[in-house]
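Working notes, structure below.
The values are calculated or read from the model by the stated rules, or taken from the named source; none is laboratory data. Note that the coordinates shown come from a computational prediction; the quantities given were computed from them, not determined experimentally. Cβ placement follows ideal geometry from the backbone for every residue including glycine, while neighbour counts extend to all protein chains displayed.
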Amino acid sequence: MKKNSNTHNSEKIAIKVKGICKYYRIGTKENIHDSLGGAIFSLIKSPLRNYRKYRSLYRFDDSEINDSPDIIHALSNISFDVNRGEVLGIIGKNGAGKSTLLKILSRITVPTSGYAEIHGKVSSLLEVGTGFHPELTGRENVYLNGTVLGMTKLEVDRKFDEIVEFSGFEKFIDTPVKRYSSGMTVRLAFSVAAHMEPEVLIIDEVLAVGDAAFQNKCLNKMEDVREKGRTVLFVSHNMSAVTRLCDRAILLNSGKLVMNGPPEEVVREYLKSGQDIPGELIFDSVENAPGNEIVKLKAVSIRQENGAISPVINIERPFSVEMKYQIFKPGFSFLPHFVLHNGGGNIIFVAIDQDRNWQNRTRPPGIYTSKALIPGNLLNEGTVFVDPVMRTVEPDILHFVENNPISFEVVEMSKDNPTRAGYVKSIPGFVRPALNWTTDFKDT
C-alpha cells in the first residue's frame, strides 16, 4: 500500500520506505498435446485457465513466494528513510531493482507488500521525453511536457527562456519535433524536467543523455538542485556523480538492500565487487598469449599503492599499472609501454618505460614485470582503459598490442579534493593535475 501524506510526526523525514516487496509472475511453458482430442479439450478449458492465470498475476500465496519458479523477487523487504534536503544515491547493476523501486515511489506501480510515505510535492524523471508529440513544435512540447511533469502554465511561462537556453535549441524551438534527432528530443525533454521545482525529485539515470558537454550541464544542474536543499533520489551508473552529488547512498543487489551509508564507501563496495570492470587480466596459456616467439604478454593489472589489485582508483591516491611478460630470445632491447585512453579513441597519455637500468640494453630470457607509478590527483574522473604494448628499438618491431584488456574507474572518494579548490560542479578534461599556484597582490 502506498501512502502520501503532508503531515508526519517527524518533520525531518521526507521519504519513509518500510518493508517494500515487489513480486512478478513470469510466463510458464505451454503444454504441447500429442493428440487432436487433447488439443480440443485444452481449447475448451482455456477460458477458465486464462481467467485463473490473470487472477494469479498479482496474487501471491505465502507458501509459493519462495518456492514457485515462476515468481521473480524484484524487491525484497526494502526499508530506509530519507531526510528533507538529503540527496540519496541508489546504485546497483542492471536488474538490481532500482527502477522498480523508483516506480513504486512515483506511484506508477504498487508494491506487493510494505509501504512508502512521501511528504511534499513529488516530481519524477524516469522516462525522459514522455509526453512529447512529434507533430508539435519544440515550443508547444515544452508546455505539453511541463504540464505532464506537474508544472502549471505560469511556471512554464516564467521558466521558458531558461529551458530553451539550457537545451541550446533556440534556433529550432518552433520546428516540429518530428524533425529533431533523438538526441535533440532527449536534450529538450531533460531541459524541461531540470527546471521543475518540487520538494522531492526522483531521477533515474538522466546523465546518460546527450553528448559529453550536455552531460556536464546536467551534472551542474544537479548541483544547483542539491544546493537549493531539495530532497532527491538519484539513480545513476556514473559513480563519480554519485560520490560528488549525494549525501548518502544505498546499494541494491538482486532486489535486496545490501548496503546503506556514505556514498564513498557504498561506491567502493559496488565497484570492487567486479561490476564489469576488470582490474587484472592473466594469460595462463602461452599459446594464446599476445606476442610472438621473441616475447609474450603474461598479465596486466591495476594496483593500489598497497599492491592490491583494484578496478577502482581514488583520484587522490597514487596507483600503478603493471605488465608481466616473458622473453624467450636474447639480443633484443625492449621498450614496454602503456596507452591510457577513455574508450572513445581519445588518448589520455602514453607511459613509456623509463627505467634507466634497462634502457638501450638487451635483456636475457626470463620473466619480467614492468611497473609505471601514476601519481594521485593527475587523472580526471571516469573510466580509463589500458592498452599494453611491447616494441623493440633496434630492430624496430611491434611484438604485441592488446586493446582494452583492462580498465579502471577513477572516482572521487571525498568532497574536499584539493584540485577542486571549492568548485563543486563537473570539471571537463582527461586530466586534472594538482598544480602549484601563486598570486601576487598589490594594494592600489
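Please determine, by comparing only the residues of segment 173-185 that are in a helix (DSSP H, G or I) and without any contact (Cβ under 8 Å) to a residue 12 or more places away in the chain, which one is farthest from Lys217 (Cα to Cα). Steps first, please.
Looking only at segment 173-185, we keep the residues that are in a helix (DSSP H, G or I), and these are 177-179, 182-185.
Of the ones still in play, those that are also without any contact (Cβ under 8 Å) to a residue 12 or more places away in the chain are 179, 182.
Numbers: Arg179: 24, Ser182: 18 Å.
Top of the filtered list is Arg179.
Being modelled with pLDDT of 90 or more and touching a His at 6+ places or on another chain (Cβ under 8 Å) narrows it down to one of Thr392, Thr362, Thr439, so name that one.
Working: Thr362 fails: touching a His at 6+ places or on another chain (Cβ under 8 Å); Thr439 fails: touching a His at 6+ places or on another chain (Cβ under 8 Å).
After applying the criteria, what remains is Thr392.
Val200: modelled with pLDDT under 90, surrounded by 15 or more Cβ atoms within 10 Å (Cβ to Cβ) and touching a helix residue (DSSP H, G or I) at 6+ places or on another chain (Cβ under 8 Å), yes or no? Break it down into steps so the answer makes sense when it comes.
Details: modelled with pLDDT under 90: yes; surrounded by 15 or more Cβ atoms within 10 Å (Cβ to Cβ): yes; touching a helix residue (DSSP H, G or I) at 6+ places or on another chain (Cβ under 8 Å): no.
No, not satisfied.
Quick check on segment 203-215. Is at least one of its residues polar (S, T, N, Q), surrounded by fewer than 23 Cβ atoms within 10 Å (Cβ to Cβ) and out of contact with any Gly (no Cβ under 6 Å at 6 or more places or on another chain)? Steps first, answer last, please.
Keep residues of segment 203-215 that are polar (S, T, N, Q), which gives 215.
Adding the requirement that they be surrounded by fewer than 23 Cβ atoms within 10 Å (Cβ to Cβ) leaves 215.
Checking the rest, the ones that are also out of contact with any Gly (no Cβ under 6 Å at 6 or more places or on another chain) come to 215.
The answer is yes; a qualifying residue exists.
Return yes or no: is Glu264 in contact (Cβ under 8 Å) with a residue 40 or more places away in the chain, within 27 Å of Asp416 (Cα to Cα), within 17 Å of the chain's Cα centre (by Cα) and surrounded by fewer than 23 Cβ atoms within 10 Å (Cβ to Cβ)?
Values: in contact (Cβ under 8 Å) with a residue 40 or more places away in the chain: yes; within 27 Å of Asp416 (Cα to Cα): yes; within 17 Å of the chain's Cα centre (by Cα): yes; surrounded by fewer than 23 Cβ atoms within 10 Å (Cβ to Cβ): yes.
Yes, satisfied.
So Pro418 clears everything in (1) loosely packed, with under 15 Cβ neighbours inside 10 Å; (2) touching a residue at least 12 places away in the same chain (Cβ under 8 Å); (3) under 23 Å from His337 (Cα atoms) except one condition, right? Which one?
Just one mismatch for Pro418, condition (3).
From the residues in segment 307-330 that are aliphatic (A, V, I, L, M) and assigned to a loop (DSSP other than H, G, I, E, B), which one is farthest from Thr392 (Cα to Cα)? Give the derivation first.
Step one: of segment 307-330, the residues aliphatic (A, V, I, L, M) are 308-309, 312-313, 315, 321, 323, 327.
From what's left, assigned to a loop (DSSP other than H, G, I, E, B): 308, 315.
Values: Ala308: 30, Ile315: 33 Å.
Step by step, filter segment 307-330, then rank; the result is Ile315.
Scan segment 112-125 for residues that are closer than 20 Å to Ile72 by Cβ and within 21 Å of the chain's Cα centre (by Cα) and report the count.
The number of residues fulfilling the criteria is 0.
Mind telling me which of the residues Glu165, Glu155, Glu170, Glu135 ends up being without any contact (Cβ under 8 Å) to a residue 24 or more places away in the chain and more than 28 Å from the chain's Cα centre (by Cα)? It would help to see each step written out before you state the result.
Details: Glu165 fails: more than 28 Å from the chain's Cα centre (by Cα); Glu155 fails: without any contact (Cβ under 8 Å) to a residue 24 or more places away in the chain; Glu135 fails: without any contact (Cβ under 8 Å) to a residue 24 or more places away in the chain.
Going through Glu165, Glu155, Glu170, Glu135 in turn, the sole match is Glu170.
Assuming Leu297 fulfils every condition listed in (1) within 29 Å of Glu412 (Cβ to Cβ); (2) touching a Gly at 6+ places or on another chain (Cβ under 7 Å) apart from one, which condition is it?
Leu297 satisfies all of (1) within 29 Å of Glu412 (Cβ to Cβ); (2) touching a Gly at 6+ places or on another chain (Cβ under 7 Å) except (1).
So in segment 101-121, with the set limited to residues that are touching a Gly at 6+ places or on another chain (Cβ under 8 Å) and at pLDDT below 90, which one is farthest from Leu257 (Cα to Cα)?
Initially, segment 101-121 is screened for residues touching a Gly at 6+ places or on another chain (Cβ under 8 Å), giving 113-115, 121.
Restricting the remaining residues to those that are at pLDDT below 90 gives 113, 121.
Working: Ser113: 16, Lys121: 26 Å.
Checked segment 101-121; the qualifying residue farthest from Leu257 (Cα to Cα) is Lys121.
Just checking, how many residues over segment 256-290 are part of a loop (DSSP other than H, G, I, E, B) and modelled with pLDDT of 85 or more? Spell out the reasoning first.
If we filter segment 256-290 for residues that are part of a loop (DSSP other than H, G, I, E, B), which is where we start, we get 262, 273-279, 283-290.
From the residues that got through so far, the ones that are modelled with pLDDT of 85 or more too are 262, 283-290.
Count: 9.
Here are Ser407, Ser426: which of them is within 30 Å of Phe328 (Cβ to Cβ) and within 18 Å of the chain's Cα centre (by Cα)? Walk me through it before giving the result.
Details: Ser426 fails: within 30 Å of Phe328 (Cβ to Cβ).
Answer to the selection: Ser407.
For Lys98, are the conditions met, namely being charged (D, E, K, R), surrounded by 14 or more Cβ atoms within 10 Å (Cβ to Cβ) and within 27 Å of Thr243 (Cβ to Cβ)?
Details: charged (D, E, K, R): yes; surrounded by 14 or more Cβ atoms within 10 Å (Cβ to Cβ): yes; within 27 Å of Thr243 (Cβ to Cβ): yes.
So Lys98 fits the description; yes.
Take the residues in segment 206-247 that are on the phi < 0 side of the Ramachandran plot and small (Gly, Ala, Ser), then tell me which one is modelled with the highest pLDDT. So that I can check it myself, show each step before the final result.
Step one: of segment 206-247, the residues on the phi < 0 side of the Ramachandran plot are 206-209, 211-228, 230-247.
If we keep only those that are small (Gly, Ala, Ser) too, we end up with 208, 212-213, 236, 240-241.
Values: Ala208: 59, Ala212: 64, Ala213: 69, Ser236: 84, Ser240: 76, Ala241: 79.
The qualifying residue modelled with the highest pLDDT is Ser236.
What are the residues in segment 150-165 that are farther than 18 Å from Leu201 by Cα and surrounded by 19 or more Cβ atoms within 10 Å (Cβ to Cβ), if any?
Residues of segment 150-165 that are farther than 18 Å from Leu201 by Cα, as a first pass: 153-154, 157-158, 160-162, 164-165.
Hit for segment 150-165 is Val164, nothing else.
Out of Val393, Val401, Val386, report the one residue that is surrounded by 16 or more Cβ atoms within 10 Å (Cβ to Cβ) and aliphatic (A, V, I, L, M). Talk me through it step by step, then tell me what you get.
On the way: Val393 fails: surrounded by 16 or more Cβ atoms within 10 Å (Cβ to Cβ); Val401 fails: surrounded by 16 or more Cβ atoms within 10 Å (Cβ to Cβ).
Only one candidate passes the filter, namely Val386.
What number goes with the only condition from (1) farther than 18 Å from Ser123 by Cβ; (2) β-branched (Val, Ile, Thr); (3) at pLDDT 85 or above that Thr152 does not pass?
(1)
Taking the residues in segment 166-194 that are charged (D, E, K, R) and closer than 17 Å to Leu136 by Cβ as candidates, determine which candidate is surrounded by the most Cβ atoms within 10 Å (Cβ to Cβ). Show your work before the answer.
Here is the first cut: in segment 166-194, the ones charged (D, E, K, R) are 170-171, 174, 178-179, 187.
Keeping just the survivors that are closer than 17 Å to Leu136 by Cβ gives 174, 178-179, 187.
Numbers: Asp174: 10, Lys178: 12, Arg179: 11, Arg187: 23.
Of everything passing the filter in segment 166-194, Arg187 is surrounded by the most Cβ atoms within 10 Å (Cβ to Cβ).
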